[in-house]
Amino acid sequence: MQTLDVDVAIVGGGVMGLSAAYHLLTLGLVDSVAICEQDPIHLRSSTGLSAGGVRDLFSTAVNIALGQYSIRFFEEFSARTATASEPGPEISFRRQGYLFLMNQENERGFLRRADFQELHGVALERLDRAELGHRYPQLRTEDLTGAIFGRSDGFLDAYQVMRGLRQKAAELGAVFIDEEVVGVAVEAGRAVGVQTATTTVRASRGVVNAAGAWGGEVARLAGVFVPVVPVVRQVYVCRPPEDVFGNYPFVGAPSGLYFHPEPGGRLLVGKAMSEDLVGLSWDWDRRRFEDMLWPELAERVPLMERTRLESGWAGLVENTPDLSGIVGEHPDLRAFYLLTGFSGVGLMLAPGAGLALAEIIGQGRARTIDVADLRAERFAEGGATWEEKMM
Ligand SMILES: Cc1cc2nc3c(=O)[nH]c(=O)nc-3n(C[C@H](O)[C@H](O)[C@H](O)COP(=O)(O)OP(=O)(O)OC[C@H]3O[C@@H](n4cnc5c(N)ncnc54)[C@H](O)[C@@H]3O)c2cc1C
């Protein structure tokens with residue numbers, strides 16, 4: 001058994017843990033960081049299994065601010081993650097927008113949110129049905145009233161995001177331990193380190209729980225409760241009969257169906273459903289596409305009647321009771337910091353959330369983005385920071 005002394009130990013090397021490490025080290029807020037990751041090739045971690053969508057169209061001020069920081073961060077990604085020996089990776093950030101389709105039922109909510117979003121500096125357009133049909137002639141629009149188009153938004157390659165953050169954090173001295181954390185050490189009401197099979201990590205400034213969908217499990221290792229539940233989501237990659245979707249935005253329909261273009265003329269299609277399993281499972285079900293998603297997709301995009309399903313996968317989202325993330329110190333355990341629970345939008349909020357947590361650890365509070373609404377205490381206080389479902 002070896003012992004390692006660092007300032008901060010991070011549990012989880014997905015986009016959240018890497019963003020925290022990146023910001024802690026690039027801003028010089030701490031001198032040393034260890035990142036423990038049980039699945040270093042990211043077969044099951046959520047970041048690599050995500051749909052890659054990035055937006056600042058949110059219903060809460062805190063998520064809008066995190067999204068705006070993240071979009072700027074992703075724009076500058078290559079330069080920000082370049083090291084002395086290597087350029088930062090190309091994350092293929094295609095800023096083709098987000099398009100939320102409106103019908104009579106959801107229109108009021110979208111228009112109310114659009115006013116709020118604009119007040120917070122979000123660049124958006126309100127499209128009426130005629131404009132929608134003109135811009136996107138492949139969509140069936142008879143049942144729609146229009147759409148909200150987020151101009152800053154897009155989608156990117158999440159693996160390359162992890163690669164770049166890891167590369168930069170490593171250059172700045174981050175130590176990577178590719179093992180499961182099996183214990184969190186607590187002394188006098190304070191988290192002081194973590195335990196893996198081979199290493200005792202002593203962390204003088206604290207421990208970060210960035211374990212995504214496993215966030216509740218890792219909290220249990222520290223003897224505290226965090227309300228994060230893993231929920232299985234499935235996505236499908238199809239080849240349309242004609243290569244006409246290349247410039248499409250990320251489209252979200254009122255039913256929850258979404259799709260966006262993938263390289264090679266393909267479309268990535270998904271939908272969050274109330275039947276989605278709760279728990280740790282990565283089972284992918286082709287029949288679900290054929291029975292449930294395909295008919296709906298063909299209804300919305302008639303050309304997709306003739307699509308061919310090529311592949312797909314299942315991954316976990318990390319849901320909290322109010323579908324908002326948790327950023328900050330655990331109320332019952334000092335120096336045990338939470339950066340989890342982003343409920344299916346963690347990739348797009350990770351740069352801002354990692355910055356905020358790094359400032360909390362290094363400077364005592366988040367100075368750049370006010371993340372007080374995401375504090376863990378809100379659950380015990382009976383409060384909530386509801387992020388409204390948009391699809
Ligand atoms: C199908 C699907 C589509 C999605 N689409 C989008 C999207 O378009 N846009 C978006 O923003 N988000 C999307 N998400 C959500 C997004 O993937 C997550 O919110 C985000 O990746 C969370 O990042 P994370 O670092 O917290 O989690 P992860 O990437 O899961 O990282 C946590 C890591 O912790 C590790 N870990 C857990 N326990 C331990 C332990 N005891 N010891 C060591 N390591 C441990 C895990 O192995 C894991 O690698 C999607 C998710 C899914 C499943």
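The values are calculated or read from the model by the stated rules, or taken from the named source; none is laboratory data. Small disclaimer: the values here were computed from a predicted structure and weren't measured. So basically every Cβ, Gly included, is an ideal-geometry build from the backbone, and we count neighbours across all protein chains shown. In case anyone asks, the SASA skips ligands and DNA or RNA and just uses the protein heavy atoms, side chains included. Shrake-Rupley method; radii C 1.70, N 1.55, O 1.52, S 1.80 Å.
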Of 352, 223, 325, the one that fluctuates the most in a GNM where the chain has Cα springs shorter than 10 Å: 223
Longest to shortest principal axis, alpha-carbon extents of the chain, angstrom: 63, 42, 40
Segment 98-151, accessible surface, carbon-and-sulfur percent (1.4 angstrom probe): 46
Cβ crowding within 10 Å averaged over residues, with 179-185, 257-263, 112-118 ranked highest first: 257-263, 179-185, 112-118
Accessible area expressed per residue, segment 231-319, with surrounding protein chains retained (probe 1.4 Å, Å²): 44
In range of the label at residue 105: residues from segment 137-176 whose backbone nitrogen is under 19 Å from the point 7 Å along Cα→Cβ: 140-148
Cβ-placed point charges (K, R +1; D, E -1), dipole of segment 231-319 about Cα centre in debye, nearest 20: 120
Highest average packing first - 276-284, 46-54, Cβ atoms within 10 Å: 46-54, 276-284
Order of exposure, largest accessible area first, which applies to 375, 233, 287 with probe 1.4 Å: 287, 375, 233
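Which whole-number value in Å² is the accessible area per residue of segment 98-151, probe 1.4 Å? Please report the intermediate quantities before stating the final value.
On the way: 2860 Å² over 54 residues.
Heavy-atom SASA per residue in segment 98-151 reads 53 Å².
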Local net charge near residue 71, Cβ-Cβ under 12 Å (Lys/Arg +1, Asp/Glu -1): 0
Isotropically averaged projected area of segment 15-64, using the convex hull of Cα atoms (one quarter of hull area), nm²: 5.0
Nearest-ten-degree value, helix 15-26 long axis tilted from longest Cα axis of the chain: 50
Overall form of segment 98-151 per C-alpha gyration tensor (a/c, 1.5; a/b vs b/c): oblate
